[in-house]
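Where a number appears in this text, it was derived from the coordinates with a stated rule and is not lab data. Small disclaimer: the values here were computed from a predicted structure and weren't measured. Note: ideal-geometry Cβ built from the backbone for every residue, glycine included; neighbour counts use all protein chains shown.
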Amino acid sequence: AENKPANTANANTKPAAPAAPTADALLALDRQANDAYIKGESKFFEGFLSDKFMMAGMKGKPMDKAATVKMIAGVKCDIKSWDLTEPQMSKIDNDTYAMSYRATWDGTCTEGGKSMKVPSPMRAASVYVRSGDKWLGAWHGETLIIEPKDDAKKEDAKKEDAKKQDAKKVAAAVADDSADVAKKEEAKKEAPKKEEPKKEEAKKDDAKKDDKAAANTAPAKAPEAGPNTDALTKLHLSGWEAWRDKDAAKLTSLSASTLAFVAPDGGWFGSKDAVIKQWTSMDCKDVKNVKVTDGFAFALSPTVEVLLHKGTADGTCMGQKNGTLDATAVYVKEGSDWKLAFLFEAPAM
């Protein structure tokens, strides 16, 4: 027999970390999800979302995967055009990434029986987790992008002009209506009584549709918060206190090296230095009290947890009175410490 040394290279070598996704690859996934949402294709999300998926629903209440899929089943949209641009990506750990993009919409969607114009432009963000060779959605949020002041003035001017045009239309409509009142009253009198049963049947059909929509959007059993909720809520409050005190050193110590932030006005800050600079240079006055409430933590892995919560501060920032924010904080465990890796904030609904 040949006397050859044993091949121990594979036994002593750790497997390489899986390749990281790209911002464009994750944006392509969000395109698929948005397309399915518009079409109300809830079945798509059964395979697209992680079983650990959670997001803030109406009034900031947590919605799990089952409740989200059920809600999407009742969505009906009439979208003329939409686009997702400016993808940004931030690493949380090797198996968890956050990504953000600008979304523009022209159209309406009906959700929970109510039709509304889709806000635009929006800053959307998603968190993805690795599952084998796939990336699954684990969280999603959106906030309206507030345009620069010059653009805001132009929009105000457009609104004022629209109001004037509407006033002219109303005046003309009133004149026309006054001339048609008699004709309409006569038409009502002459309308055959046989039409009444048809109206009643139509009402019954509408009621059935409303009941079906309500069934599709009825809230499921509320999910339970994870055991780390109180600890992460307390930790996050210390971050708010450091923001209030403009304590850069404390904010730095509480944050992961890959920290990224979506601000309430839709701004994106993609590096730790940029985020800390933003937080410590904001023009804020009379901020004395800060609160973190309604904490709800859930684990994506043993070293990654997500905290849904509300954050509140008094005083003013950038000339605006501070209020309550619906927020999501993603924490990653470094050694024995939890560090903030991604934060998303939006004005509370």
Problem - Whole-number percent relative contact order across segment 262-328, with pairs defined as alpha carbons under 8 Å at least 6 apart - result: 28 percent
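Holding the Cα-Cα limit at 26 Å, pick out from K43/K80; K277/K339; K246/K333; K80/K310; K246/K272; K52/K277 the pairs that are longer than that.
Cα-Cα > 26 Å for K80/K310; K52/K277; rest within.
Report the calculated FRET efficiency for K39 and K246 (r = Cβ-Cβ distance, R0 = 35 Å), to the nearest 0.05.
In this case the efficiency is close to 0.15.
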Problem - Cα centroid separation, segment 93-114 to segment 301-349 (Å) - result: 19 Å
Exercise for the section: Could you pull out the pairs from K65/K134; K114/K321; K59/K288 whose alpha carbons sit more than 20 Å apart here? Expected result: K114/K321; K59/K288
Practice task
Filter the trypsin sites (Lys or Arg not before Pro) in segment 280-321 to those in DSSP coil with at most 10 other Cβ atoms within 10 Å of their Cβ, and list the result.
Solution key: K288
